[in-house]
1. Going through the range 25-50 one residue at a time, which ones are of a type in the set (A, V, I, L, M) and within 20 Å of ARG76 (Cα to Cα)?
2. Consider PRO47 against the criteria (1) modelled with pLDDT under 90; (2) under 10 Å from the mean Cα position of the chain (by Cα): it satisfies all of them except one. Which criterion is unmet?
3. Suppose the filter is among the polar types (S, T, N, Q) and in contact with a strand residue (DSSP E or B) (Cβ under 7 Å, 6 or more places away or on another chain); does SER13 pass it?
4. Looking at the range 30-80 only, could you name the residues that are surrounded by fewer than 20 Cβ atoms within 10 Å (Cβ to Cβ), closer than 19 Å to TYR14 by Cβ and acidic (Asp, Glu)?
5. Output the residues belonging to the range 1-37 that are polar (S, T, N, Q) and over 16 Å from GLU62 (Cα atoms).
6. Filter the range 30-57 down to the residues that are small (Gly, Ala, Ser) and without any contact (Cβ under 8 Å) to a residue 40 or more places away in the chain, then identify the one that is farthest from GLU83 (Cα to Cα).
7. Look at ALA79 and say whether it is assigned to a helix (DSSP H, G or I), at pLDDT 75 or above and of a type in the set (Gly, Ala, Ser).
8. Could you please give the count of residues in the range 41-53 that are in a helix (DSSP H, G or I) and out of contact with any helix residue (DSSP H, G or I) (no Cβ under 9 Å at 6 or more places or on another chain)?
Amino acid sequence: MSGRLVLVRHAQSYGNLERRLDTLPPGTSLTPLGRDQARIFARTRSPRPAMVIHSVAARAAETAAVIGAELGVPIREVAGIHEVQVGVGKPQRRRSGCRVQRDLPAVASR
């Protein structure tokens, strides 16, 4: 069997809007703009996919649900596919506005 794998990052989430690094599932939901972004992607996507799979993150599930509904294709959650989690330390806000965990070296050494 052959086919094409298209990877799509989730649409805008409240975590993005708040400039917060949000890697611990389930995470934040999509914003209204994020739902519109997913809808636009689905309407401009060609060829139509056979299925849409997503991680356990709420923003990924919501993006997939919008795309799946627009295209009339099934969606499926797959455990084990998700962003790297940055640890359990207290989130800190950086100058860039992104919040990061202080224990990043522990993640990099795994």
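1. Scanning the range 25-50 gives LEU30, ALA38, ALA42, ALA50.
2. Only one criterion is unmet by PRO47, namely (2).
3. yes
4. Hit for the range 30-80 is ASP36, nothing else.
5. Taking the range 1-37 as the starting set, the residues that turn out to be polar (S, T, N, Q) are 2, 12-13, 16, 23, 28-29, 31, 37.
Passing the criteria: only SER2.
6. As a first pass, look at the range 30-57 and keep what is small (Gly, Ala, Ser): 34, 38, 42, 46, 50, 55, 57.
Now narrow it down to the ones that are without any contact (Cβ under 8 Å) to a residue 40 or more places away in the chain: 34, 38, 42, 46, 55.
Values: GLY34: 18, ALA38: 19, ALA42: 23, SER46: 26, SER55: 9 Å.
Step by step, filter the range 30-57, then rank; the result is SER46.
7. On the way: assigned to a helix (DSSP H, G or I): no; at pLDDT 75 or above: yes; of a type in the set (Gly, Ala, Ser): yes.
Spelling it out, it is not the case that ALA79 is assigned to a helix (DSSP H, G or I), at pLDDT 75 or above and of a type in the set (Gly, Ala, Ser).
8. From the range 41-53, those in a helix (DSSP H, G or I) are 41-44; that's our starting set.
Those still in the list that are out of contact with any helix residue (DSSP H, G or I) (no Cβ under 9 Å at 6 or more places or on another chain) too: 44.
Within the range 41-53, residues that are in a helix (DSSP H, G or I) and out of contact with any helix residue (DSSP H, G or I) (no Cβ under 9 Å at 6 or more places or on another chain) number 1.
The values are calculated or read from the model by the stated rules, or taken from the named source; none is laboratory data. For clarity, every value in this text was computed on a predicted model and none was experimentally measured. Glycine also receives a Cβ, built like all others from the backbone with ideal geometry; neighbour counts cover every protein chain displayed.
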